[in-house]
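The values are calculated or read from the model by the stated rules, or taken from the named source; none is laboratory data. Not measured: the values here are computed from a predicted model. Cβ coordinates were reconstructed from backbone atoms using ideal geometry, including for glycine residues, and neighbour counts include every protein chain displayed.
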Amino acid sequence: MYCAHVVGARPNFMKAAPVMRALARRPDVRQILVHTGQHYDQNMSEVFFRELEMPEPDYNLAVGSASHASQTAQIMMGFEPVLQEARPDLVLVYGDVNSTLAAALVCSKMGVPVGHVEAGLRSFDRRMPEEINRQLTDQIGDLLFTPSRDGDQNLLREGIPAERIRFVGNVMIDTLVKLLPKAASSLTEDLPAHYALVTLHRPSNVDESSTLREVLAALDEISHELPVIFPVHPRTRERIRRLAFRPHENFHFWGPQSYLQFLALQEGATLVITDSGGIQEETTFLGVPCLTLRESTERPVTVTLGTNLVLGRDLGRLRQEVSAILRGRRKPGSIPPLWDGKAGERIADVICGVGDRQTAVGLK
Ligand code: UD1
């Protein structure tokens, strides 16, 4: 079995690491790693490779930032010759970023089987580029590894045959479970005893200055009662700079954090306010209250079972929920099935055909 993994953006790295590790332990598996270079800053990429103990990529396509169409096209053009040269038996793609769809499309055009890790998630909001990436990648994929049962249902509803779908659990939690014991010692700054941890980078929250100004004003108000720590994504940083916003002294803007540092920040937070996908899941696993500033979530188990509340952009409700948590009224949560640190092993089992001969690759 010769397997190529394609990663490109920050949220891919912690998903690929446990799958690569599990496959490395199997006999007769050879692997290569392709980095598209969608994320390229040292603190958005390299530091993650180091902390996740991932090997150096065998290929780096160095596509960098561009419009969605241009970035997707450049990844496809860069990946095609890699696939021609390497000729793997299977390509694994991760999550829902532009690199995920671009690589899957190249595979489909070249007749190379594709496995999609974190398949089946749907926000049902087609204005999100990630939703289109998810839907199309799942249509192309030969093996669809779902993190939760809602993913299976979504795929079946879209007419995907059941034999392509494998419910394996959440690979991101594999990484969390492995690295949580190391997280606390990675922090270099002293933390307040109680704080809200904030991340925002979705175009719907940060691209319009009037929206961003309103969100920042609400967070500023919250910081009077509860210190706010906001590690800022590059695209958000640029937009905040243009607003010339003057924060309260308890409102701290930090640079992007490493995987371990951000995990430690989540673990210690009183609550998290976010528009990220993965953070909704990590907070559910950690039992930390999560307030999601989005209209919808593609990860509904974090709401039905976990600690997540999806608030839209209702900033009045945000203030109310923060007050409720500070007064001890927290939404109780539990950990979804198969978020147990062993999803990578289950994926390796499927790929190597352990106990499930039909899914051993040779799919086309
Ligand atoms: C991408 C994903 C998003 C994911 C996010 C995590 C898509 C469609 N979006 O969004 O799903 O939640 O990654 O971070 O794939 N930039 C840098 N340095 C970098 C990378 C980006 O400064 O290393 C800046 C550039 O100004 C760039 C902007 O961030 O234009 C956006 O980067 P891009 O990769 O296009 O999308 P993200 O917003 O990061």
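Residues in the stretch 49-57 include none that are at negative phi and within 9 Å of the ligand (Cβ to nearest atom).
Got at least one residue in the stretch 167-186 being over 30 Å from Gly344 (Cα atoms) and touching a residue at least 12 places away in the same chain (Cβ under 8 Å)? No: the stretch 167-186 contains no residue that is over 30 Å from Gly344 (Cα atoms) and touching a residue at least 12 places away in the same chain (Cβ under 8 Å).
Once the stretch 231-244 is narrowed to residues that are part of a loop (DSSP other than H, G, I, E, B) and within 13 Å of the ligand (Cβ to nearest atom), the residue that is surrounded by the fewest Cβ atoms within 10 Å (Cβ to Cβ) is His233. Look at (1) surrounded by fewer than 23 Cβ atoms within 10 Å (Cβ to Cβ); (2) assigned to a strand (DSSP E or B); (3) among the aliphatic types (A, V, I, L, M) and you find that Ile273 fails only one, number (1).
Within the stretch 245-262, how many residues turn out to be away from the ligand (no atom under 16 Å from the Cβ) and in contact (Cβ under 8 Å) with a residue 60 or more places away in the chain?
Keep residues of the stretch 245-262 that are away from the ligand (no atom under 16 Å from the Cβ), which gives 245-252, 260.
Filter again for in contact (Cβ under 8 Å) with a residue 60 or more places away in the chain, leaving 260.
Selection size over the stretch 245-262: 1.
A count restricted to the stretch 113-125 and to residues that are crowded, with 22+ Cβ neighbours inside 10 Å and either within 13 Å of the ligand (Cβ to nearest atom) or among the β-branched types (Val, Ile, Thr) (or both) stands at 4.
Of the residues that make up the stretch 126-134, is at least one of a type outside the set (A, V, I, L, M), in contact with a helix residue (DSSP H, G or I) (Cβ under 7 Å, 6 or more places away or on another chain), within 16 Å of the ligand (Cβ to nearest atom) and in a helix (DSSP H, G or I)? Yes, the stretch 126-134 has at least one match.
I'd like to know if the stretch 181-198 contains one or more residues that are part of a loop (DSSP other than H, G, I, E, B) and crowded, with 22+ Cβ neighbours inside 10 Å. Within the stretch 181-198, not a single residue is part of a loop (DSSP other than H, G, I, E, B) and crowded, with 22+ Cβ neighbours inside 10 Å.
Leu101 - would you say it is within 16 Å of the ligand (Cβ to nearest atom) and not in a strand (DSSP E or B)? Even if it seems obvious, please write down each step before you answer.
On the way: within 16 Å of the ligand (Cβ to nearest atom): yes; not in a strand (DSSP E or B): yes.
Against the criterion (within 16 Å of the ligand (Cβ to nearest atom) and not in a strand (DSSP E or B)), Leu101 qualifies.
Filtered by the rule that a residue be touching a residue at least 12 places away in the same chain (Cβ under 8 Å), within 13 Å of Ile32 (Cα to Cα) and exposed (fewer than 13 other Cβ atoms within 10 Å of the Cβ), the stretch 57-91 gives a lone residue, Arg87. Within the stretch 126-143, the set of residues being more than 15 Å from Phe167 (Cα to Cα), of a type outside the set (D, E, K, R) and buried (at least 24 other Cβ atoms within 10 Å of the Cβ) comprises just one member, Thr137.
For the stretch 21-44, a residue qualifies if it is within 16 Å of the ligand (Cβ to nearest atom) and touching a Gly at 6+ places or on another chain (Cβ under 8 Å), and the qualifying residues are His35, Thr36, Gly37, Gln38, His39, Tyr40, Asn43. Could you say whether any residue in the stretch 222-230 is surrounded by fewer than 23 Cβ atoms within 10 Å (Cβ to Cβ), within 16 Å of the ligand (Cβ to nearest atom) and not small (Gly, Ala, Ser)? The answer is yes, given that some residue of the stretch 222-230 is surrounded by fewer than 23 Cβ atoms within 10 Å (Cβ to Cβ), within 16 Å of the ligand (Cβ to nearest atom) and not small (Gly, Ala, Ser). Cβ-Cβ distances below 8 Å connect the following pairs, each with a first residue in the stretch 227-244 that is closer than 16 Å to Ser276 by Cβ, a second residue that is within 11 Å of the ligand (Cβ to nearest atom) and in a strand (DSSP E or B), and a separation of six or more residues or different chains: Phe230/Thr199; Pro231/Thr199; His233/Thr199.
Sort through Val206, Val215 and tell me the only one that's over 30 Å from Gly120 (Cα atoms) and buried (at least 16 other Cβ atoms within 10 Å of the Cβ). So that I can check it myself, show each step before the final result.
Working: Val206 fails: over 30 Å from Gly120 (Cα atoms).
Testing whether each residue is over 30 Å from Gly120 (Cα atoms) and buried (at least 16 other Cβ atoms within 10 Å of the Cβ) leaves just Val215.
Identify all residues within the stretch 36-56 that are surrounded by 18 or more Cβ atoms within 10 Å (Cβ to Cβ) and without any contact (Cβ under 8 Å) to a residue 60 or more places away in the chain; write none if there are none. If the condition is that a residue be surrounded by 18 or more Cβ atoms within 10 Å (Cβ to Cβ) and without any contact (Cβ under 8 Å) to a residue 60 or more places away in the chain, then Gly37, His39, Ser45, Phe49, Met54 are the ones that fit. Within the option set Asp314, Asp275, being modelled with pLDDT of 95 or more and within 15 Å of the ligand (Cβ to nearest atom) holds for one residue only, Asp275.
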